[in-house]
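These notes are about the structure you will find just below.
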Amino acid sequence: MDDVRERYLSAIASAENESALEEIRLKAIGKKGEISLKMRELGKMTHDERKKTGPELNALKDEINRALSARKAALEDEALNERLRTEWFDVTMPARHRRQGTIHPVSQVTEEVTAIFADMGFSVAEGPQIESDWHNFDALNIPGHHPARAEMDTFYIHRDCADNRPPDVLRTHTSPVQIRSMQSHGAPVRLIAPGRVYRADYDQTHTPMFHQVEGLAIDADISMANLKWCLEEFVKAFFEVDGVELRFRASHFPFTEPSAEVDIRCSWKGGTLKVGEGDDWLEILGSGMVHPKVLQAGSIDPEKWQGFAFGMGIDRIAMLKYGIPDLRSFFDSDLRWLRHYGFASLDVPTLHGGISR
Ligand code: PHE
C-alpha cells in the first residue's frame, strides 16, 4: 500500500498540466483505477482483513484526491503568474489621438468682447430673436413709413389672415434689447447684449443671420466722451494694439442723436490687415447718444437721464482679428474650416483677448 501511495503522490507532484492530472486520477481512483479495483476485492477478504484494509484504502483515496486538487490549484497559480509576467501594458505610453471639437470663432470673440466690457462694468443682457415690430422698430424711433424698415431687409413672421396685428420680425439688430433692458432695469444701466440678428442679404460680407453686440450705458451725465473712451479701451484690448486710432464720423441712426459711425485706422499692406497703422480706415460699428424718444419708450425720463449706445458686428471683428476672408464660411459647418479657424477649448480668453492658438 505504501508503494502505491508513493507512486501516485510523486506522479501528482510532477504532473505538468491538468490533462496529466486527469490521467493519474483515472489510473488511481477512476472506475477501473488501481485503488478502485482493490476496493472491489474487499468482498473476498476475511472479516478481519477487510476491517484493516477498508479504512486504509479509503484514507488513501482521500489523500490522492487532496493531492490532486492541491496540485491543480498550484498549476492554476503558476499559469496566472506566468500571464502576469508576460501579459502587461505600459500605462505611461501616450494615448491614442482623438479629434476634439473646437470653439467657433464667433463664440470665441463673443467671450473676448464680454470679458473686456465686463472689466469696464458692463453686464450681459439678452433678448428674443423673434421680436415684436414695436421693439425692433417703433420703440427705436423708426416709425412705419421710415425707410430704415425697408433698408434692413426684414424677415417677417407669418400671421393668420384674420389677425390684424403687425407681424413679428426676426430682429434686424440687437438694439431692441436696449428697450427691453431699460424697461426691466430702469436707469442707471450699463450693459452689452450679444446675439444673433437677421437680414435678407447674402454675399462675401453678408449672411442672412449674423451676430451683433449692443452696448448701452445710461446715467445722469454720460457723454460722447465716455463713449469714445470705452470704445478706445475696447479696441486696444481686443486687437491687442496700444496706439490705436479711431475716427468718429457723423452719421444718422433714428435711435441716436447725435450719431457716429466709428472707423479704425488700419493698413492692407501685402494683402494682410494690420490694425493701428497705415492710411486706411475700416468701419467697425455704429453709435451715438440715445435719442430721448428711445429713453421714453424704455420708460426712462430723458430729463433726468442720458447715455450712449453702440452696435458692433461680432462676425466682422472676428474676420478682422483672425484674418478670415469670407463671412459665409462661418456658417458652412465645414469641418476643415472649423479645425483651421476654431479654438481649443482651454484657450480661455484673457481680458486682453490674448489667445495662444
Ligand atoms: N442698430 C444699428 C445697426 O444695426 C447699430 C447701432 C446701435 C447704431 C446702437 C447706433 C446705436 O446698424
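Throughout, read-outs are computed from the coordinates displayed, never taken from laboratory work. Worth saying up front: this structure is predicted, and the values here are computed from it rather than measured. When we count neighbours, we look across all protein chains shown, and the Cβ atoms used for this are built from the backbone with ideal geometry, even at glycine.
Across the stretch 45-190, Cα-Cα distances exceeding 24 Å account for 69% of all pairs. With viscosity 1.002 mPa s and temperature 20 °C, the Kirkwood radius over alpha carbon pairs of the stretch 222-357 converts through Stokes-Einstein to a diffusion coefficient of 127 µm²/s. Partner lysines whose Cα lies under 22 Å from the Cα of LYS44, excluding those fewer than 8 positions away in the same chain, are identified as LYS31, LYS32, LYS52, LYS61. Between the C-alpha center of the stretch 219-235 and that of the stretch 259-292 there is a gap of 16 Å.
For the chain, what is the calculated [θ] at 222 nm in deg cm²/dmol (nearest 500), taking -39500 (n - 2.57) for each run of four or more DSSP H residues and dividing by its residue count? Walk me through the intermediate numbers first.
Details: 12 runs with 144 residues, N = 357.
Helix-only estimate at 222 nm: -12500 deg cm²/dmol.
Modelled spin-label separation between MET209 and ARG40, with each label point placed 7 Å from Cα along the Cα-to-Cβ direction: 8.9 nm. Relative to the longest principal axis of the Cα atoms of the chain, the long axis of helix 105-119 lies at roughly 70 degrees. Computed extension gain for ARG339 through GLN129, at 0.36 nm per residue and net of the alpha carbon distance, reaches 72.8 nm. Here the stretch 276-328 is described by how far its Cα atoms reach on the three principal axes: 44, 28, 12 Å, from widest to narrowest. Gyration tensor analysis over the Cα atoms of the chain returns equivalent ellipsoid semi-axes of 90, 25, 19 Å (largest first, whole Å). For GLN183 and ARG247, what does the FRET efficiency come to when R0 = 25 Å and r is the distance between their Cβ atoms, rounded to the nearest 0.05? Given R0 = 25 Å and the Cβ-Cβ separation, E is 0.15.
Quote to one decimal, in nm, the extra length available between GLU277 and LEU26 on full extension: 0.36 nm per residue of separation minus the C-alpha distance between them.
80.6 nm
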